[in-house]
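The values are calculated or read from the model by the stated rules, or taken from the named source; none is laboratory data. Computed from a predicted structure; not experimentally measured. Here the Cβ is made from the backbone with ideal geometry for all residues, glycine too, and neighbour counts use every protein chain on show.
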Amino acid sequence: MTALTADLDSFDRVLRDERQLSAHTRAAYRRDLDRLREYLEARGIGDWAAVGVADIRQWMAGEHRRGLSPSSLQRALSSVRSFYAHLLRHGRCGADPAADVRAPKRGRPLPKGVDVDEVSSLLDRPAETTLEVRDLALMELIYSSGLRLAEAVSVNLADFWPGDGMLRVTGKGAKVREVPVGRAAAQAVRRWIKLRGELAAPDEPALFVSSRGGRLSPRSVQTRLAQAAQKAGLPSRLHPHRLRHAFATHMLESSGDLRAVQELLGHASISTTQVYTHLDFQHLAEVYDKAHPRARKRDDD
């Protein structure tokens, strides 16, 4: 038995006899600490007092590369801190090397997915009234180009270039990007533009307008989309961001090109990616045309 293992056994007895933790909780502590012990022994470190902050950080980085989630890494770090608190109480070390180490933050949960069949049931319903034509064009565009709700309502008539199948989008931080518009979405938007004059005020630049003639509000989009999803028989309430998430999911499933999808979504993090990987628009358009379910042309087109 190594000195590292002996200290872990001592800590386990404290957890059992003094803190009276369950066998399940104690096993979780031990799994985390045994992984750290194996890491240290592989590097010739045989004393817990000799472990430094760099050792803990490197171990955490290795665990992260091994596939541990942020929540698992946070739990492992908590186990190490509890163990070092035990060592400090018994004079076995002079400091906790994990005290200033931070685990990756937990990401925000992604919205519940919407599969291709559910999207089709939403978008393939006939649009008869002017407002239904507008709503269909809006939903098609969000799903076609992965727009945020704020981006969709801020689109102006002049931002849509039907001949090129392109849309100019102003995203977060007033950053402008150009995105492809799929066949189904472009057709739906063109149909809406023909009827838009029935509602839009003469000087209104917005592509999507309300029945009062002004720019459509985000709240109105949320309400109309929820109503459309209910009519289509979708099992849960549908928010605009779920269509954006569906765009990203379906594109990734089809193409596997994460960087291209990040570019199309307009994520701020893509600027970091672009330092290492150049992505020209032609490449993005090719990925889009091959991968997006509603961008591919039908045989009879």
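Of all residues in segment 219-250, those satisfying the criterion of being buried (at least 18 other Cβ atoms within 10 Å of the Cβ) and within 14 Å of GLU132 (Cα to Cα) are VAL221, ARG224, LEU225, ALA228, ALA229.
For the condition crowded, with 16+ Cβ neighbours inside 10 Å, more than 18 Å from LEU122 (Cα to Cα) and at pLDDT below 90, what is the one hit in GLY165, GLY256? Walk me through how you get there before you give the answer.
Working: GLY256 fails: crowded, with 16+ Cβ neighbours inside 10 Å.
From the options GLY165, GLY256, the qualifying one is GLY165.
Residues in segment 119-130 that are under 16 Å from LEU141 (Cα atoms) and touching a helix residue (DSSP H, G or I) at 6+ places or on another chain (Cβ under 8 Å): VAL119, LEU122, LEU123, ARG125, ALA127. Taking segment 168-186 as the search range and keeping residues that are basic (Lys, Arg), at pLDDT 85 or above and more than 18 Å from VAL209 (Cα to Cα), which one is farthest from the chain's Cα centre (by Cα)? Among residues in segment 168-186 that are basic (Lys, Arg), at pLDDT 85 or above and more than 18 Å from VAL209 (Cα to Cα), the one farthest from the chain's Cα centre (by Cα) is ARG183. For PRO202, are the conditions met, namely being at pLDDT below 95, more than 25 Å from VAL119 (Cβ to Cβ), of a type outside the set (A, V, I, L, M) and assigned by TED's automatic domain parsing to the domain that holds LEU141? So PRO202 passes the test.
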